[in-house]
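Asks: Following this message is one structure expressed as structure tokens.
The values are calculated or read from the model by the stated rules, or taken from the named source; none is laboratory data. What you see is a predicted model, and the numbers here were worked out from it, not measured in a lab. Positions of Cβ are generated from backbone atoms using ideal geometry, with glycine treated the same way; all protein chains shown enter the neighbour counts.
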Amino acid sequence: MTTFDNRENAFENQFAHDAEMQFKVVARRNKLLGLWAAGLLGMTPEAAETYAKSVISADFEHAGDDDVIRKLVTDLAATGTSEADIRTALTAKAADARHQIMEAM
């Protein structure tokens, strides 16, 4: 293998690693966001875990965060939680998730 091939492999490996880390952070963020929303809805711990999984699943409907936000806006409508509140929580939970993933490494 040439030096160029080695560099190419290193970049491909780094790209794959970064993509995997981003996936993990988003999944953890969505779980934390689901648990946050479940708390607002007054769910039991068991129901909260199930609900958090439904928030994670909602993210697979379309690319981006809009599907998760749309689900939470609908689910939290009765609590008076606004879309802005949800977006603020999404940002906070993303930071928490990133921190948790980095600590676990």
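Asks: Quickly run through region 56-72 and pick out the residues that are modelled with pLDDT of 90 or more, surrounded by fewer than 16 Cβ atoms within 10 Å (Cβ to Cβ) and not charged (D, E, K, R).
Replies: Listed by number, the list holds a single entry, S57.
Asks: Next up: Taking only pairs six or more apart or across chains, which ones have beta-carbon atoms under 8 Å, a first residue in region 55-71 that is free of Cβ contacts under 8 Å to residues at least 40 places away in the same chain, and a second residue that is of a type in the set (S, T, N, Q) and surrounded by fewer than 18 Cβ atoms within 10 Å (Cβ to Cβ)?
Replies: Pairs found: K71/S54.
Asks: What pairs come out if I take residues in region 34-49 that are more than 19 Å from L90 (Cα to Cα) and pair them with residues that are among the hydroxyl-bearing types (S, T, Y) and assigned to a helix (DSSP H, G or I) whose C-beta lies under 7 Å away, six or more apart or interchain?
Replies: Hits for this filter: M43/Y51.
One line per residue, one yes/no per condition, for (1) over 30 Å from H17 (Cα atoms); (2) hydrophobic (A, V, I, L, M, F, W, C):
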{"position": "F60", "(1), (2)": "no, yes"}
{"position": "G64", "(1), (2)": "no, no"}
{"position": "R70", "(1), (2)": "no, no"}
{"position": "D75", "(1), (2)": "yes, no"}
{"position": "I86", "(1), (2)": "no, yes"}
{"position": "M105", "(1), (2)": "no, yes"}
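Asks: Those residues that are within 13 Å of V26 (Cβ to Cβ), part of a helix (DSSP H, G or I) and among the hydrophobic types (A, V, I, L, M, F, W, C), I need them from region 44-68; list them, please.
Replies: Our first condition is that a residue be within 13 Å of V26 (Cβ to Cβ); within region 44-68, this holds for 55-60, 63-65, 67-68.
Now restrict to residues that are part of a helix (DSSP H, G or I): 55-58, 67-68.
V55, I56, A58, V68, listed by residue number.
Asks: While we're looking at this one, here's another question. Just give me the residues in region 73-101 being surrounded by fewer than 17 Cβ atoms within 10 Å (Cβ to Cβ) and not in a helix (DSSP H, G or I), in sequence order.
Replies: G80, S82
Asks: Any residue at all in region 11-27 that is crowded, with 18+ Cβ neighbours inside 10 Å and touching a helix residue (DSSP H, G or I) at 6+ places or on another chain (Cβ under 7 Å)?
Replies: Of all residues in region 11-27, those crowded, with 18+ Cβ neighbours inside 10 Å come to 25.
Right, trim to touching a helix residue (DSSP H, G or I) at 6+ places or on another chain (Cβ under 7 Å) and you get 25.
Yes: region 11-27 contains one or more residues that are crowded, with 18+ Cβ neighbours inside 10 Å and touching a helix residue (DSSP H, G or I) at 6+ places or on another chain (Cβ under 7 Å).
Asks: How do the pairs read when you match residues in region 5-27 that are of a type in the set (V, I, T) with residues anywhere that are surrounded by 10 or more Cβ atoms within 10 Å (Cβ to Cβ) and outside any helix (DSSP H, G or I), using Cβ under 9 Å and keeping only pairs 6 or more apart or on different chains?
Replies: Listed by first residue and then by second, the contacts come to V26/D59; V26/D65.
Asks: Inside region 5-59, can you point out the residues that are of a type in the set (S, T, N, Q) and closer than 19 Å to T81 by Cβ?
Replies: N30, S54
This table checks each residue for (1) closer than 19 Å to D96 by Cα; (2) among the aliphatic types (A, V, I, L, M); (3) within 12 Å of the chain's Cα centre (by Cα).
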site	(1), (2), (3)
V25	yes, yes, yes
R29	yes, no, yes
L32	yes, yes, yes
L40	yes, yes, no
A52	yes, yes, yes
S57	no, no, yes
